[in-house]
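S.K.: Sharing a structure here in structure tokens format.
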Amino acid sequence: MKFPDEYFPVKEENKQDFLDKVSNGKILSKDLSVLFCAACKDVANVVEKSISFCHDVGQHFTDYKIFMYENNSTDNTVEVIKALGDSKVILQSEFI
């Protein structure tokens, strides 16, 4: 799933500057690693999409991981994350 660029519109007069910065960012990121971090609760209905967005961005880096701290979910957030069996996802879950 591609990152939803339409959520972050760029004014036409700034478009070339934006594209140049994205291009430079991709050049820089290829030699870097990144850790995406998320705190989550009751997000079973969107967590798979969120992880997919992280994968889309993460592919531009040498390596990446997705750390998710989940607590007190009353839906099946934990089960959804575990069912993905995603080696890039590090899940810490607790019920307080």
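Computed from the coordinates by the stated procedures, all read-outs in this text should not be read as laboratory data. Because the structure is a prediction, the values reported are computed rather than measured. Heads up, the Cβs are rebuilt from the backbone with ideal geometry, glycines too, and the neighbour counts pull from every protein chain shown.
S.K.: Considering only segment 7-30, state which residues are farther than 21 Å from Asp63 by Cα and among the polar types (S, T, N, Q).
M.R.: Selection gives Asn14, Gln16.
S.K.: Turning to a different aspect of this structure: As an exercise: evaluate Lys88 against (1) without any contact (Cβ under 8 Å) to a residue 40 or more places away in the chain; (2) out of contact with any Gly (no Cβ under 8 Å at 6 or more places or on another chain) and give the number of the one condition it does not meet.
M.R.: (2)
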